[in-house]
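Beneath this line is the structure, given in structure tokens, with notes to follow.
The values are calculated or read from the model by the stated rules, or taken from the named source; none is laboratory data. Worth saying up front: this structure is predicted, and the values here are computed from it rather than measured. As a convention, Cβ positions derive from the backbone with ideal geometry for all residues, glycine included, and neighbour counts pool all protein chains shown. Please note that ligands, DNA and RNA were not included when accessible areas were found on the heavy atoms of the full protein model with its side chains. Shrake-Rupley method; radii C 1.70, N 1.55, O 1.52, S 1.80 Å.
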Amino acid sequence: MTDGFGRRIDYLRISVTDRCDLRCRYCMAEKMTFLPRNAILTLDEIGIIADRFIARGVRKIRLSGGEPLVRRDFGDLARRIGRHIGHGLDELTLTTNGTHLAEHAEALYESGVRRINVSLDTIDPKTFSFITRGGDITKVFAGLSAARDAGLAVKINMVALKDLNDDSFLPMLEWCNAHGHDLTLIETMPLGEIDEDRVDRFLPLSYALQQIRAQYDVSPIPYRTGGPARYFSIEGMQVRLGLITPLTENFCAGCNRMRLTCQGRIYMCLGHEDHIDLKAAFREGGIEAIDGLLDRALASKPLAHDFRIGTDSSASTARHMSVTGG
Ligand code: SAM
Ligand code: SF4
């Protein structure tokens, strides 16, 4: 599949639920209103749509949310999609907060998953509880051990947050290195209304890199995982450091992805409101309806997002990351 700008689109992210057991301050409001259950795709519908997308050329799928592991029968979906690995699909991955990973790690491996992203913005239990509004970091640590025992490679995702974890980049890097995880730092994006002013939390990743460079030699490396991160090696360490900089260094020219939300919409860009409602068409017209809408979606993919932060504090899109799937 190719979009109107000649970019090859072969990466699909699926948000399997907008619900979550945590309430990270930069992601959600404390009192979130979640979608009613009949507004979201059933797991069977997600499976059928994923089959069709793979037949059209999707080579990599990431399951996300909300918290994907809180959706009942999540394992059935992973198994179903995992059957395509080696038959059209190159990779099935997952982004999770890790709180329920201990129960799922082995089954994920058996479904063909080999690499997962676990979001962890700090390794300090109190700060973790503050950022997530009550989360228990010991559950994440248990999940990480289970992932290692099951044979899953783990990349830690850490969102850089001013005054919350801006003194933690070096400790996190060293901790990841000691535990055999890669680390990706992410700039916070203006997605959905939260209870804080995003400008107060925004931190350009140049700041984090400067802190790390004060201690270690950092060199760019050509490693890529199919996403927007640029990678670096750190002198004397195994850990690969990734930087995702949607605000300060645009990477849209290499974008290869589209997103299916839990309510069955296709978004061709995280930073735009334009979408195509696949659910309604699919429920009326069945599988045949998917192809035509997919072609329309490809033609409508914008050249770049238009995130801004700092000029005003409002969200660029009304959708939270948890609906679209991070
Ligand atoms: N609940 C899972 C988790 O936290 O990994 C998966 C969904 S979460 C929305 C996916 C990723 O998006 C996480 O790494 C999270 O830190 C990140 N995220 C959420 N809101 C964000 C925002 N406004 N800007 C940047 N990253 C965000
Ligand atoms: Fe939940 Fe993930 Fe959002 Fe945190 S970042 S509130 S874990 S969906």
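Within the stretch 272-280, is there a residue that is open to solvent by less than 70 Å² (accessible area, probe 1.4 Å), over 21 Å from residue 42 (Cα atoms) and basic (Lys, Arg)?
no
Can you pull out the residues in the stretch 168-213 that are assigned to a loop (DSSP other than H, G, I, E, B), modelled with pLDDT of 95 or more and open to solvent by 30 Å² or more (accessible area, probe 1.4 Å)?
The answer is 180, and nothing else.
Please go through the stretch 11-39 and pick out each residue that is within 20 Å of residue 282 (Cα to Cα), within 19 Å of the chain's Cα centre (by Cα) and more than 10 Å from ligand 1 (Cβ to nearest atom).
12, 14
Give the residue, chosen from 66, 75, 98, that is closer than 23 Å to residue 150 by Cα, out of contact with any Leu (no Cβ under 6 Å at 6 or more places or on another chain), part of a loop (DSSP other than H, G, I, E, B) and open to solvent by less than 40 Å² (accessible area, probe 1.4 Å).
Just a single option satisfies the conditions, and that option is 98.
Could you tell me whether residue 17 is assigned to a loop (DSSP other than H, G, I, E, B), within 13 Å of ligand 2 (Cβ to nearest atom) and among the hydroxyl-bearing types (Ser, Thr, Tyr)?
yes
Residues in the stretch 20-54 that are part of a loop (DSSP other than H, G, I, E, B), free of Cβ contacts under 8 Å to residues at least 40 places away in the same chain and closer than 15 Å to residue 264 by Cβ: how many?
Residues flagged as part of a loop (DSSP other than H, G, I, E, B), free of Cβ contacts under 8 Å to residues at least 40 places away in the same chain and closer than 15 Å to residue 264 by Cβ within the stretch 20-54 amount to 2.
What's the number of the condition residue 134 fails, among (1) within 16 Å of ligand 2 (Cβ to nearest atom); (2) under 24 Å from residue 43 (Cα atoms)?
Failing condition for residue 134: (2).
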